[in-house]
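Notes to accompany the following structure.
The values are calculated or read from the model by the stated rules, or taken from the named source; none is laboratory data. Owing to the predicted nature of the structure, the values given are computational and were not obtained by experimental measurement. Neighbour counts are summed over all protein chains in view; Cβ atoms, including those assigned to glycine, are modelled from backbone coordinates with ideal geometry. Note: areas computed on protein heavy atoms with side chains; ligands, DNA, RNA excluded. Shrake-Rupley method; radii C 1.70, N 1.55, O 1.52, S 1.80 Å.
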Amino acid sequence: MDALKDIDKPYAVSERIAPLVRRVLARNPSPFTYTGTQTYLVGDGADVAVIDPGPADPEHIEAILEAVGKARIAAICCTHTHRDHSPATVPLKALTGAPIVGCAPLTLDDDGPRADAAFDPDYRPDRVLADGETISGEGWTLEAVATPGHTSNHLCFALPETGAMFTGDHVMGWSTSVVSPPDGDMTAYLASLQKLYEREQDAIYFPAHGPAVEKPRQLVRGMIGHRRQRERQILRQIEAGRETIAEMVPLMYKGVDEKLWPAAGRSVLAHLLDLERRNLVKRHEESWSLMDKLQ
Ligand SMILES: [Zn+2]
């Protein structure tokens, strides 16, 4: 658990981790958030951006404000609106008057069975950034990079001055992202991975959870490979006659803590929906079959 030790710093303390970048870790550790949500502060001058302010926890908000000090918050930015990322926008805006800028708001009509974090219904951005739009302050620029998949409203933020990329929950070094339908979408997720892979200018990733990623394109390529491997595994399961997710998961996730099987099942469903869209499988209620038995 060396990687864990590296980032298991005290909560509610601001740390400099890179030029222009400081980090404050929120006290919300869990199997889905690792040691907690990392809020990033960008900028060392008169104004800063706060990326993923995290849960509305007074201790965490106080630590962010202390780190901001006399600077002005130019923008409170969210990568997406899972409840471990955006709820602190409300108190932070109330306390500072800073605008909320970044991902679109999102509420789901159907809350159905889910394995990802719940959505924050109170998120109200002052400005939504489209792919490629930028905001800037003294010595820094943040460019929105639309990366749907983990959620439909997910954005990454690039900092071109240093080659840093804030990847939210899209790419993390410690774990694969949860992609849970209906909002999570594997087709979009894979396209968003490919999009990051093609960006050669990004030198380091700062995810919302877990350690920084220093060889980002290598990791992303591995992640694409991992998802393609899962996909082939699913096709083989169907071929072998295991046609429901409940039958596939215990075999595909042998050795994985059973508590994580429901989340794994959501991920298998996300793959199946992607395969269905590509006309490789079809669905009859809970059963899946191959479209045609080629080869
Ligand atoms: Zn998330």
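Rounded to the nearest Å, what's the spacing between the alpha carbon centres of segment 131-154 and segment 194-264? Just the number, please. Cα centroid of segment 131-154 versus Cα centroid of segment 194-264: 24 Å apart. If you wrap the tightest convex hull around every Cα atom of the chain and split its volume per residue, you get 129 Å³.
Rounded to the nearest whole Å³, what is the per residue volume of the convex hull around the Cα atoms of segment 1-105?
Numbers: hull volume 9.6 nm³, N = 105.
Hull volume over Cα atoms, normalised by residue count, gives 92 Å³.
For the residue pairs 259/282; 195/282; 93/215, the C-alpha atoms sit more than 30 angstrom apart in 93/215. Pairs of Cα atoms in segment 117-265 fall into 5 Å distance bins, from 0 up to the last occupied one, in shares of 2, 8, 15, 20, 19, 14, 9, 6, 4, 2, 1, 0, 0 percent. Considering only 180, 281, 196, and ranking their Cα positions along the charge dipole of the chain that arises from unit charges at the beta-carbon of Lys, Arg, Asp and Glu, the one farthest toward the positive end is 281.
Round to a whole number: what % of the accessible area of segment 176-220 belongs to carbon and sulfur, probe 1.4 Å? Heavy-atom surface of segment 176-220 belonging to carbon and sulfur, 1.4 Å probe: 49 percent. Which one of 158, 26, 67 has the biggest mean-square fluctuation once the chain is modelled by GNM with Cα springs under 10 Å? The residue that fluctuates most here is 67.
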